[in-house]
Amino acid sequence: MEATRTILLVDDDKSILRTFTRILQKNGYKIDSAETGKEAIEKADSRHYDLALVDIRLPDMDGTDLLAKIKKQLQNTIKIMITGFPSLESGVKALDEGADAYLVKPVKPEELLMLIKEKLKNKEK
């Protein structure tokens with residue numbers, strides 16, 4: 001059996017954290033969550049994640065700034081940005097900071113799971 005994949009979920013919305021955690025755990029992923037950029041940085045410093053789902057709007061910093069700050073820790077991690085406020089500027093900035101994908105809320109669970117599976121599979125190649 002393949003090793004359990006770990007996902008860092010960063011969002012200040014508790015209901016999104018709960019929902020995504022439930023969906024992802026049901027599908028066999030191990031979830032670690034953070035509600036602030038600072039908390040995400042601390043977690044990224046202490047362990048490896050296969051994938052990070054990061055909200056662009058966090059209470060203490062922009063999600064793209066967070067990506068820039070933890071670029072080294074997450075260099076082998078797939079990074080997916082999520083936003084409820086899409087703009088061309090934030091999309092370009094996210095991709096410039098190393099994001100592998102950009103999703104717009106509300107995110108459909110099937111879409112999220114499909115994207116995660118696809119990205120993890122491509123990473124193995």
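FYI, it's all coordinate maths here, none of it is from the lab. Since the model is a prediction, treat every value here as computed from it, not as a measurement. In this analysis, Cβ positions are derived from the backbone assuming ideal geometry, glycine residues included, and neighbour counts consider all displayed protein chains.
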Return Leu95, Leu24 ranked ascending by Cβ neighbour count within 10 Å, so the fewest neighbours appear first. Leu95, Leu24
Can you give the helix-only mean residue ellipticity at 222 nm for the chain, where every DSSP H stretch with n ≥ 4 adds -39500 (n - 2.57) and the sum goes over all residues, rounded to the nearest 500 deg cm²/dmol? -13500 deg cm²/dmol
Please list, in chain and number order, the residues 5+ apart from Ile82 or on another chain whose amide H is under 5 Å from its amide H, with Hs placed from the backbone. Val54, Asp55, Ile56, Leu103
Largest first, please: the extent of the C-alpha atoms of segment 6-124 along each principal axis, to the nearest Å. 31, 30, 29
Describe numerically, in nm with one decimal, the distance between label points set 7 Å from Cα along Cα→Cβ at Arg22 and at Lys121. 2.7
With charges set only on the Cβ (+1 for Lys and Arg, -1 for Asp and Glu), what does the dipole of the chain come to about its Cα centre, in debye to the nearest 20? 460
Mean separation of Cα contacts under 8 Å (6+ apart) over length of segment 6-124, as relative contact order %: 23
Dimensions of segment 11-71 along principal axes (Cα, Å, largest first)? 30, 24, 14
Estimate the FRET efficiency between Glu110 and Asp13 by the formula 1/(1 + (r/R0)^6), using the beta-carbon distance for r and 22 Å for R0, to the nearest 0.05. 0.65
Cβ density ranking, 10 Å radius, fewest first, applied to Thr36, Thr4 yields Thr4, Thr36
